[in-house]
Every structure is written in structure tokens, then in C-alpha cells.
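Just so you know, all these numbers are worked out from the coordinates, no wet-lab data involved. Model, not experiment: these values are computed from the prediction. Quick reminder, even Gly has a Cβ in these numbers, built from the backbone with ideal geometry, and neighbours come from all protein chains shown.
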């Protein structure tokens with residue numbers, strides 16, 4: 001259950017985009033953190049620095065630490081297809097990420113908590129492992145006795161969730177369940193991550 005617990009706004013500012021969902025403090029100050037703020041001069045980044053930064057951004061975006069991220073990358077290298085794209089597909093297939101994509105939770109952190117507290121089922125069985133990897137056809141649902149939780153009803157019932165649909169997912173608001181239809185294609189994944197840089201970093 002290891003996860004990043006440090007300051008989120010500071011990390012988002014260092015990468016220049018909100019990595020943990022909407023953040024009003026980030027919206028106010030989108031420049032890098034530090035004493036000199038916008039006045040600080042940037043040095044030309046090396047190739048290694050750019051590659052490392054891209055990997056770090058992916059890790060913070062999906063809320064996982066180095067060891068788990070590395071295992072996911074190695075799994076991607078063993079599968080057929082373009083390694084970078086497969087890596088993102090595996091990250092998108094995580095249970096906590098899917099709960100977030102379905103709109104059951106407004107953030108991946110919140111989705112991780114819902115899964116860990118046994119509020120989510122997969123194919124009718126309770127699963128409390130956020131990193132659980134879904135397969136096409138798996139049904140993700142809010143557990144029966146958890147459907148009346150304020151935390152769940154607030155976000156599932158919000159109008160904004162009606163438009164948060166993704167081509168590889170199907171959501172039934174009446175049953176509070178969704179189906180993981182297929183692994184997403186790269187152009188379907190909205191995250192601004194250059195996965196090729198991550199592949200080059202791990203290939204060194």
C-alpha cells in the first residue's frame with residue numbers, strides 16, 4: 001500500500017501541470033516552486049534529466065512508487081506491442097485508476113482509498129488491492145452496502161461525471177458499475193506523458 005504522501009501542489013508546480021487532479025493552489029501559481037519563483041533561470045536539461053523527469057511525472061500521475069513502476073515496466077517489455085504504449089495500458093488497467101476514470105472518485109488518491117477500504121468489487125468479489133490489474137470484460141462496481149456512502153453518491157451523482165467517459169470503459173450509473181472493455185489505445189489516454197522517454201531511460 002506504499003504511496004507518495006508528500007506535498008502535491010509543489011510536485012505539480014515542478015512539472016508545470018496538475019498531476020493529482022484539480023488543485024486551486026496550483027492554478028494560482030503555475031510557475032516552479034522555490035525562493036526565486038519565476039525569476040529563476042533554467043539550465044539546459046540533459047537527456048537523462050528529461051527522461052528521468054518524464055518517468056517521475058508518470059509515477060506521480062498514477063500514484064505509484066519506483067519498485068512497483070519498474071515491475072510494471074518489465075511486465076510491459078514481456079508483452080507484445082510497443083513497450084511504451086503497453087506500459088501506459090497496464091497503468092490504466094490498475095483498479096484504482098479505473099475507479100477514478102469511471103468517476104466513482106474525483107482523484108486517484110480517493111479511488112485508492114475506496115479500494116483499500118473494501119468499497120469496490122470486481123466481478124462480484126471484493127478486491128482491496130489498488131494495483132489489481134483488470135482484464136477486458138471485468139466488471140467494476142461499488143459494493144452493495146457502500147452505495148449510500150456520501151463520498152460515493154456525491155461524485156457518482158454529479159453531472160460532471162456524466163461526461164467523464166472513456167472509450168475503453170462502460171458505465172452504468174443506475175447499477176453503479178462499469179465494465180473494462182479493452183486496453184486503451186495510446187490516443188485514447190489523455191495523460192501528457194512521453195512514454196518513449198521512459199523506455200529510453202530504462203534501456204540504458
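Site pair residue 191 and residue 174 shows an inter-label distance of 3.4 nm when each label is modelled 7 Å from Cα along Cα→Cβ. At 0.36 nm per residue, minus the direct Cα-Cα distance, what do residue 79 and residue 65 gain on full extension? Give it in nm, one decimal, please. Gain on stretching residue 79 to residue 65: 2.9 nm. Based on Cα contacts under 8 Å between residues 6+ apart, the range 95-182 shows a relative contact order of 31 percent.
Does the range 51-204 come out rounded, prolate or oblate, given a ≥ b ≥ c as the square roots of the eigenvalues of its C-alpha gyration tensor, rounded meaning a/c under 1.5 and, failing that, prolate meaning a/b above b/c? Since a/c reaches 1.5 and a/b is larger than b/c, the shape of the range 51-204 is classed as prolate. Answer rounded, prolate or oblate for the range 95-182, using the Cα gyration tensor with square roots of eigenvalues a ≥ b ≥ c: rounded when a/c is under 1.5, else prolate when a/b is larger than b/c, else oblate. Verdict is rounded for the range 95-182.
Note on residue 204 and residue 145: their simple-model spin labels are 5.1 nm apart, each label 7 Å out from Cα toward Cβ.
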